[in-house]
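The block underneath contains the structure these notes are about, expressed in structure tokens.
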Amino acid sequence: MGSQYAIIGNSGQGKAILNRVLDEQTTIKQALKAGFLSFDSTRVSSNDVEFPIDVVIYEKDSFNIIENRYEYDELKPVSEAWAQKLHEALDEVPDAWMEKAFEQTGDKRSEGIV
């Protein structure tokens, strides 16, 4: 089976998000969310990706295309929520595996801010 999505333009950091969350059971709403989060992750890391974002939805065998254009102000709350959730997820990732590195250095800053 080929890719379940197509990226037009710079995919940068966002492709990894799509690869991790999209599968055959993904709903169109979930796919659109994932697409935006992929776009947003690439946007904040790349100087050649920016709003607006154009979304096209096609229902199989319908001969009907739905098009929407989103500007930054419309999706800013989603972008901010995504950034907050990433920070929360980072804190939840187990870190016991890192102790080995810090034990060898005797560095007591492992709990501090980078």
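The values are calculated or read from the model by the stated rules, or taken from the named source; none is laboratory data. As the structure is a computational prediction, the values presented were derived from the model and not from experiment. In this analysis, Cβ positions are derived from the backbone assuming ideal geometry, glycine residues included, and neighbour counts consider all displayed protein chains.
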Any hit, the stretch 56-70, residues being surrounded by 12 or more Cβ atoms within 10 Å (Cβ to Cβ), in a strand (DSSP E or B), of a type in the set (A, V, I, L, M) and more than 18 Å from the chain's Cα centre (by Cα): yes
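So, of the residues in the stretch 91-114 that are assigned to a loop (DSSP other than H, G, I, E, B) and surrounded by 10 or more Cβ atoms within 10 Å (Cβ to Cβ), which turns out to be modelled with the lowest pLDDT? Show your work before the answer.
Here is the first cut: in the stretch 91-114, the ones assigned to a loop (DSSP other than H, G, I, E, B) are 93-95, 106-107, 112-114.
Filter again for surrounded by 10 or more Cβ atoms within 10 Å (Cβ to Cβ), leaving 95, 107.
Numbers: Asp95: 89, Asp107: 59.
Once the filter is applied, the top-ranked residue is Asp107.
Tell me, please, whether a residue that is assigned to a loop (DSSP other than H, G, I, E, B) and not small (Gly, Ala, Ser) can be found in the stretch 74-90.
Residues of the stretch 74-90 assigned to a loop (DSSP other than H, G, I, E, B): none.
Within the stretch 74-90 (the criterion being assigned to a loop (DSSP other than H, G, I, E, B) and not small (Gly, Ala, Ser)), the answer is no, since none of the residues qualifies.
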Unique residue being modelled with pLDDT of 90 or more, in contact with a strand residue (DSSP E or B) (Cβ under 7 Å, 6 or more places away or on another chain) and surrounded by 13 or more Cβ atoms within 10 Å (Cβ to Cβ) when the list is Leu32, Leu75: Leu32
